[in-house]
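Worksheet: the structure to be examined is printed underneath.
Please treat every number below as a calculation from the coordinates, not as lab data. Everything quoted here is computed from the prediction, not taken from an experiment. Neighbour counts are summed over all protein chains in view; Cβ atoms, including those assigned to glycine, are modelled from backbone coordinates with ideal geometry.
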Amino acid sequence: MVPAVEHQPASPMSDAYAALVAANYEALPDLIARLDEAAGEDPGDARIALYAGTMRLWFATGGTRTLGQQFNDVTRAIKELERGHVAAPKDPHLAAFLGVAQVYFGNTTGDEDRMQKGRQILEESAPLYPSYILGVLAQALGMVPRQHPFFADAADTMRASLVACGFDAREIESLKITYMKKSAQGACWNGGIVAHVVEGISLISGDIFVKQGDVESGRLMYENAKKSPTYDRWPFGLTQRTSGYTAGMSDDQLKKQLVARPTTYLLSQVDTLPLGGFDSSCNAMAQGATRRARGEAYVKFVNETLGAKHRVLIIPECGHNDRCVYTTDEVLSVIFPRK
């Protein structure tokens with residue numbers, strides 16, 4: 001969650017925020033150049049550093065960057081966030097982005113010291129904005145492999161964030177969370193700039209529980225996400241189909257047609273960050289907290305529930321990058337099979 005920029009004449013920060021809201025990934029190269037220029041003029045401005053860092057994280061994961069470019073993007077993003085954190089150590093947004101970026105990057109590169117540093121930043125900054133930073137910390141701990149020591153604390157940290165949000169203790173114990181419509185804290189309800197927070201909390205929590213082997217708790221958290229009023233609306237669900245060929249077909253016809261078609265799904269191994277035009281609608285978040293998670297959940301559903309025999313390929317070392325995906329040997333052999 002990047003904080004909004006108050007209304008002001010055009011500036012790199014206000015334009016960056018506008019691009020973020022509009023999911024205008026194409027604007028990033030120019031915005032990053034302008035933010036760098038502004039940072040050079042005022043290197044002690046923490047808010048410029050925040051936007052320079054977060055825009056680079058978005059740039060790294062949202063388009064057609066090569067692995068080498070992504071490495072450089074994230075490295076520079078962390079440097080910018082570190083600069084901002086030094087200038088404004090009590091800014092919760094800088095601490096949150098810096099901490100989760102360090103854990104993510106350290107996990108990706110096998111750098112345990114970097115991971116520990118990121119966790120420490122999040123834990124020490126949690127009192128600044130408990131509901132927000134504890135939620136980010138839970139996501140950071142939940143993204144690492146199940147066997148990593150960090151993961152053991154992910155579920156308890158998520159519960160702590162729910163406590164900080166003000167959810168009733170009985171709800172947290174039963175994992176049957178009220179669909180919160182109003183809260184004094186923007187990190188806990190759907191009325192702020194970031195939409196569908198409640199669904200995100202439910203889905204990320206469910207993912208953590210399932211990953212640790214507690215499938216029943218995961219199911220309960222996923223059920224909370226279904227409380228969204230638009231959960232089953234087309235094209236994410238089957239209700240309210242009013243246009244196109246699907247409007248004249250029954251649910252059973254659509255399902256049978258889907259099952260009968262030979263299909264291979266291509267999912268990127270590291271397409272796991274909610275950046276670059278990421279769909280955060282209620283409907284999308286109910287299907288998974290990341291693009292890869294959504295793809296895996298969908299294939300699992302059509303195969304195990306509907307009886308399809310669809311294939312899925314996880315493309316190694318690719319993020320949200322079509323060029324990376326479509327130029328791998330594994331994918332080329334699927335697109336152009338030998339007869």
Where a ≥ b ≥ c are root eigenvalues of the Cα gyration tensor, a/c under 1.5 meaning rounded, otherwise prolate if a/b exceeds b/c and oblate otherwise, the range 245-335 counts as oblate
Rounded to the nearest 10 degrees, the helix 197-211 long axis (Cα) sits at an angle to the longest Cα principal axis of the chain of 70
Taking I335, I314 and counting other beta carbon atoms within 10 angstrom, the fewest-first order is I335, I314
The range 252-275 scanned against label point 7 Å out from L306 along Cα→C-beta; backbone N under 20 Å for 252-268
Nearest 10, in degrees from 0 to 90: the angle of helix 130-142 to the longest Cα principal axis of the chain is 60
In whole angstrom, the spacing between the Cα centers of the range 214-265 and the range 9-50 equals 38
On the formula 1/(1 + (r/R0)^6), with r taken between the Cβ atoms of D156 and V215 and R0 of 25 Å, the FRET efficiency rounded to 0.05 is 0.85
So for the range 206-270, using the alpha carbon gyration tensor with a ≥ b ≥ c as root eigenvalues (a/c under 1.5 gives rounded; past that, a/b versus b/c decides prolate or oblate), I'd call it oblate
Packing-ranked peptide list from 289-301, 14-26, highest mean Cβ count within 10 angstrom first, is 289-301, 14-26
The number of Lys pairs in the chain whose alpha carbons lie under 19 Å apart, excluding pairs fewer than 8 residues apart on one chain, is 16
Rg (one decimal) and Dmax (whole number) from the Cα set of the chain, in Å, equal 20.7, 62
The set of residues whose placed amide H lies less than 5 Å from the amide H of Y265, leaving out same-chain residues fewer than 5 positions away, is R311, V312, L313
Nearest 10, in degrees from 0 to 90: the angle of helix 215-225 to the longest Cα principal axis of the chain is 80
Taking 217-223, 249-255 and ranking on average Cβ neighbours within 10 Å, highest first, one gets 217-223, 249-255
